[in-house]
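Presented below is the structure to which this report refers.
Nothing in this text is a laboratory measurement; each read-out follows from the coordinates by a stated rule. On a predicted model such as this, the values are computed, not experimentally measured, just so you know. With ideal geometry, Cβ positions are generated from the backbone for all residues, glycine too; neighbour counts draw on all protein chains shown.
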Amino acid sequence: MLNLNKLNLSVAVRDYDRTRPLMDGSVRIDGINPVFMTLPPEEIFFRAFRNVEFDICELSLSSFTVKTAQGDCPYVGVPAFLSRAFRHTSFYVRTDRIKTPEDLKGRLVGVPEYQLTANVWARAILSDDHGVKPSDIRWIRGGLEEPGRLEKIAINLPKDVRLENAPEGRTLSGMLEAGEIDAFIGPRVPSCFERGHPNVGWLYPDPTAAAIDYFKRTGIFPIMHLVGVRRSLAEQHPWLPGAVLKAFEQARNIAVERLADTSSAKVTLPFVEEQLKRARDLMGRNFWSYGVAANRKVLETFLRHHRAQGLSSRLVKVEELFHPATMETFKL
């Protein structure tokens with residue numbers, strides 16, 4: 001039964017183990033009656049930034065930063081980082097012509113959207129670790145498996161960055177398979193790779209080893225998505241962003257506790273216990289951290305690269321991203 005004294009709000013997130021305790025009622029967001037919509041991130045982001053359709057939702061860190069820099073972001077940020085990933089698995093190349101990251105200079109590289117968070121981190125890896133700048137590559141933008149995808153929000157790139165749309169009716173996976181582009185960078189796997197095309201493979205032969213080395217050198221576990229609260233709601237109810245952070249942290253804690261329960265497998269995958277131990281040995285027990293303090297270095301690194309890549313019109317400060325009520329939390 002709905003509590004009429006609470007706010008009735010829409011919540012759009014993907015169905016993760018770290019959001020499921022919210023959806024099954026194990027964790028409640030103080031003061032609200034949530035209406036959950038479990039949707040793929042691409043749909044959430046498109047609807048959120050085009051039409052501001054949700055009250056609380058998962059957001060792309062890059063798109064959120066673009067809008068924050070422009071001063072017209074319809075959401076305020078909550079530092080609950082629902083998606084994080086090392087992006088060494090995001091590089092798919094024609095192995096018959098690309099052998100090293102440096103070989104990407106002067107090549108045609110497909111991206112579903114130039115400003116995707118995964119692609120910001122991928123270009124940061126290329127720049128910091130291999131000296132390959134965005135201006136060294138010819139970028140082709142288009143749908144991975146469906147033609148005609150465009151940027152969800154407007155961007156203004158530096159003049160030395162060459163970005164053009166894929167030919168009408170073509171997909172990036174199809175172009176990679178045909179050898180019309182030399183590589184693809186993005187968060188999803190091209191179907192030609194999944195089918196085992198003999199000349200399409202990862203740029204990093206062992207991306208896990210590359211990611212572990214990256215973390216040991218930098219201490220960075222890249223952030224992909226945060227949570228946003230509709231700005232007008234946060235202004236009307238300043239307690240709301242803090243309540244959202246509290247609930248998402250509780251849900252994350254439950255998810256990690258369930259992973260650590262060795263009585264039976266909680267994930268349909270072998271070696272989960274071993275992988276959890278390996279992650280904790282490498283990254284510490286709080287390996288999937290929320291909050292600003294624990295993630296300041298990661299956020300500052302992202303914001304620096306976002307500005308350097310011309311995606312934000314100015315260097316955004318970490319404090320600009322998040323509602324003041326979420327910058328620190330109480331302790332017992």
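What do you get for the angle between helix 296-308 and the principal long axis of the chain? Use alpha-carbon atoms, 0 to 90 degrees, nearest ten.
Once rounded, one gets 40 degrees.
So in the chain, what percent of DSSP beta bridges are antiparallel if you round to the nearest 5?
Of those bridges, close to 45 percent are antiparallel.
Tilt of helix 61-70 relative to the longest C-alpha principal axis of the chain, in degrees (0 to 90, nearest 10)?
The helix 61-70 is inclined about 80 degrees to the chain.
Between Asp17 and Ala279, what is 0.36 nm times their sequence separation minus the Cα-Cα distance? Round to one decimal in nm.
92.6 nm
Need one word for segment 87-218: rounded, prolate or oblate. Basis is the Cα gyration tensor (sqrt eigenvalues a ≥ b ≥ c); a/c below 1.5 gives rounded, then a/b vs b/c decides.
Oblate shape, in that a/c is at least 1.5 and b/c is the bigger or equal ratio.
List the residues of segment 69-99 whose backbone N lies under 15 Å from a point placed 7 Å from the Cα of Arg307 along the Cα-to-Cβ direction.
69-71
Given labels modelled 7 Å from the Cα in the Cβ direction, how far is it in nm from Ile220 to Glu53?
3.3 nm
Quick check: residue separation of Thr95 and Lys297 times 0.36 nm, minus the Cα distance between them. What number comes out in nm?
Length difference between fully extended and current span is 69.3 nm.
Sum up the charges of everything whose Cβ sits under 10 Å from the Cβ of His197, counting Lys and Arg as +1 and Asp and Glu as -1, but leave His197 out.
Within the 10 Å Cβ shell, the charges total 0.
I need the shape label for segment 232-299. Rule: rounded when a/c is under 1.5, else prolate if a/b > b/c, else oblate, with a, b, c from the alpha carbon gyration tensor.
Judged from the Cα gyration tensor, segment 232-299 comes out oblate (a/c at least 1.5, b/c at or above a/b).
Contact order normalised by length for segment 196-311, with contacts defined as Cα pairs under 8 Å and 6 or more residues apart; what percent is it?
RCO, segment 196-311: 22 percent.
So what is the relative contact order of the chain, in percent, for Cα pairs below 8 Å that sit 6 or more residues apart?
27 percent
Once both axes come from the Cα atoms, what is the angle between helix 272-283 and the longest principal axis of the chain, in degrees from 0 to 90, rounded to 10?
Around 90 degrees separate the two axes.
Take Thr208 and Arg28, extend 7 Å from each Cα along the Cα→Cβ direction, and tell me the distance between the two endpoints in nm.
4.2 nm
Determine, for segment 87-218, the count of lysine pairs separated by eight or more sequence positions (or lying on different chains) whose alpha-carbon distance falls under 28 Å.
9
For Ala178 and Glu102, FRET efficiency with R0 = 25 Å and r from the beta-carbon atoms, rounded to 0.05?
It comes to 0.55.
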